[in-house]
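First the structure, in the form of structure tokens, and then the observations on it.
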Amino acid sequence: MSVTLSNDELREELSRLRARQDAYLAALHDTAIGLLGTLDIDRLLEAIVRHAAVLAGTEEGYLYLVTADDRDLELRVSVSGADDLVSRRVTKGGGLVGRVWESGQPLVVADYESWEGKLEITGRNAFHAALGVPLTDGGRIVGVLGLIARDAARHLGPSDVEAVSHFAELASIALQNARLLEKERRARAEAETLQAATQVLSATLDLDDVFTRILTELRRVVPHSSASVQELRGDEFVIIGGHGFERLEDVVGVRINARTGDTPNRVVLETKKPLILEDAQALYAEFRKPEHEKAAVRAWMGIPLLVGDRLIGMITVERKEAGFYDDAHARLAMAFATQAAIAIENARLYSGMQRELHEKTVAQAELFRAKEAALAATRAKSAFLATMSHELRTPLTAILGYTEMLADNLATMKPEEARTDLAKVSSAGNHLLRIIDDILDMSRIEAEKMDLRFETFPVRPVVSAVSAEVESLLRKNRNAFDVSGELSGSTVYGDPVRLRQVLYNLLSNAAKFTEAGRVSLRVGQVEDEAGRWCLIHVSDTGIGISEEEQGQLFRPFTQGDSSSTRKYGGTGIGLTISRRLCQLLGGDLTVVSELRKGSTFTVRLPASARVAG
């Protein structure tokens, strides 16, 4: 059966077709202008939907884009109230847009309410017809453009499909170009951000400061609610810094075994690649522990810190929203982590170089000091040998001279004259014997072969014997001498022979370096937590010792200065032997002196075996 249209009806139909064609051309033109006029994808998507709705005469529409993981279609734009008619996310094959995505072909549903594939959406208002066409990019479907007709009188047919499909081709190109422009703009912004972060990280070689800057710059690179920097030490990741935690002190220093246990850190260690967890609590029991659950971490990403192929640590970032991080975040974070690892390694190398330089400087200083000490020891020994030669030659010369004189004049000498010369020979021999004994004692002490006989003995007899022994030396320089203190009852646990040797050295030195003055010996006792001690103070009003000379006073082969040796004689080992003996006896020998005012030497020895033990 044929239908004949009147002229008026033909004109009306032609007018309607012309209007649609004009709208179609206007839509194409406006879309092209929109592409040139904006780089914002959301604005472009809205313009695409509006122009497509006008082109189809529906004025209502929506646009879905495939998600980054290719799992779903996500609603990006809806106009004129269409958002209450559609679902926010649709899987492949679900509803009209899901079927268009699955088939890659346009689809028209003339009566949506009775259509078997409709989606039941709570609160959705009814509509009559629907049209969906795919948006493509290089043969791959990237989205679906949908249009809705509420009016039952408005039918969507093949001509609408053809028009909207042609429009969708242009829209796909516009979307593709906009995405390319947005991708370029994002890449440029990311490159600028990374460059700025790299400059900040490379501006310091202090390792602690590098870790601080990594956390600071990380805020600009990857959105997060909390983050940490972890250093790989052996088989453990150690958290060395972080922010966004309620109590940072509870986090810093935490060790995570990287070789055992079910942790995402282990995965990062083994793969050396970024790891994204859409929902950390669902995937790892560690995040469900009370201390972690309180932080409400859902999305988690771990980024390795690599120097070449060597893992030195990792960065972690967290968000409270599940599924927040994607491959784009991982790519940018990995680029940042590469620069961070370089900064860490440079700081470590610099720190190592500084440490090595410091060690070399210290070693050189120690070598220089050792060299100076060796030279000083050599000079001291040379001076000692010269002095010793003189000290040995003097009594030997006297002995030889007097014995020759006795041999020549023995027949004519009176007994009194002979006894006087023999006394001088005996004195020189005793002096020579003391010098030889000192040398032997010094060698025994240096070889740690000094024999000591420990016993508890009273101090008074030792003091009396030494006082008598040095009386002539004190009288020779017109010195007064007195003994005071707690002589009665004072005891020493040690070797009485060696104590007598120490006191003789101290009193003979005091007599030698004091002229027309006073020499005193005072005995005392003191008690501390270790027990009771005997103190013997030998004081004089002689030449005194400067502060500088006191520092080397107990070193072997030294005296206050060379002038002392020339004026007063001596080998320079008496005080060294005395102090070493006191130390071997469990005590010490100390000095307090002021130049030109005198000196006080203090012998401190255990009063009983309990203290010495």
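The values are calculated or read from the model by the stated rules, or taken from the named source; none is laboratory data. For clarity, every value in this text was computed on a predicted model and none was experimentally measured. Glycine also receives a Cβ, built like all others from the backbone with ideal geometry; neighbour counts cover every protein chain displayed.
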May I ask you to list pairs of residues, at least six apart or on different chains, whose Cβ atoms are under 6 Å apart, with the first in region 565-587 being modelled with pLDDT under 90 and outside any loop (DSSP other than H, G, I, E, B) and the second being surrounded by fewer than 22 Cβ atoms within 10 Å (Cβ to Cβ) and of a type in the set (Ser, Thr, Tyr)? THR565/THR387
Taking the options LEU119, LEU145, name whichever one is within 18 Å of GLY61 (Cβ to Cβ) and surrounded by fewer than 21 Cβ atoms within 10 Å (Cβ to Cβ). LEU119
Could you go through region 328-343 and let me know if any residue there is closer than 23 Å to VAL222 by Cβ and not in a helix (DSSP H, G or I). no
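Quick one: is VAL229 under 16 Å from the mean Cα position of the chain (by Cα), among the β-branched types (Val, Ile, Thr), surrounded by 18 or more Cβ atoms within 10 Å (Cβ to Cβ) and part of a helix (DSSP H, G or I)? Give the steps one after another, and end with the answer.
Details: under 16 Å from the mean Cα position of the chain (by Cα): yes; among the β-branched types (Val, Ile, Thr): yes; surrounded by 18 or more Cβ atoms within 10 Å (Cβ to Cβ): yes; part of a helix (DSSP H, G or I): no.
Judged against the criteria, VAL229 is not a match.
Quick check on this structure: which one of LEU96, LEU119 is under 17 Å from LEU73 (Cβ atoms) and at pLDDT below 90?
Values: LEU96 fails: at pLDDT below 90.
Within the list LEU96, LEU119, the selection yields LEU119.
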